[in-house]
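I have placed the structure first, in the form of structure tokens, so that the comments after it can refer back to it.
The values are calculated or read from the model by the stated rules, or taken from the named source; none is laboratory data. Owing to the predicted nature of the structure, the values given are computational and were not obtained by experimental measurement. Note: ideal-geometry Cβ built from the backbone for every residue, glycine included; neighbour counts use all protein chains shown.
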Amino acid sequence: MGRTLATFTQLIAQEVSSWCAFRRALRREDQEYLDGLFRAAKYHVAAGSYASKASPFEAMVMAMLIESYKSNDLLEKRVARLEQDKNEKEMDDQENTQGMDL
């Protein structure tokens, strides 16, 4: 007997097809973002396969949100590090300037 249920990868492909008209109506840069969201869903195929309680689209959206959250978290940490480095440099500059005044 063959497989009776579509794989999660097949479900993603079906979902991509169903959003085709929506995608065409988007600006080119937004089309790229939508494509990126579906790539994020593909990145979590294994987890989506186990999400039997959720609808396939809900599992896809959750995978998209996880990737978006990860990206935001990494950017926030990078900004915090850059701000900390900037503050440390400013403090060093102030100490050097004060040392010159003595």
Which of the residues spanning segment 27-56 are in contact with a helix residue (DSSP H, G or I) (Cβ under 6 Å, 6 or more places away or on another chain) and of a type in the set (A, V, I, L, M, F, W, C)? Leu34, Leu37, Phe38, Ala40, Ala41, Val45, Ala51
Test: Gln98 is exposed (fewer than 10 other Cβ atoms within 10 Å of the Cβ) and in a helix (DSSP H, G or I): yes
Would you mind telling me which numbered condition in (1) more than 18 Å from Ala6 (Cα to Cα); (2) modelled with pLDDT under 90 Leu75 fails? (2)
Can you pull out every residue in segment 2-21 that is in a loop (DSSP other than H, G, I, E, B) and out of contact with any Pro (no Cβ under 9 Å at 6 or more places or on another chain)? Gly2, Arg3, Thr4, Leu5, Thr7, Trp19
Would you mind stating whether Val61 is without any contact (Cβ under 8 Å) to a residue 40 or more places away in the chain and surrounded by 13 or more Cβ atoms within 10 Å (Cβ to Cβ)? yes
Candidate set from segment 22-54 (those that are part of a loop (DSSP other than H, G, I, E, B) and surrounded by 10 or more Cβ atoms within 10 Å (Cβ to Cβ)); member that is modelled with the lowest pLDDT: Ala54
Looking at segment 5-55, which of its residues are among the β-branched types (Val, Ile, Thr) and within 19 Å of Ser68 (Cβ to Cβ)? Ile12, Val16, Val45
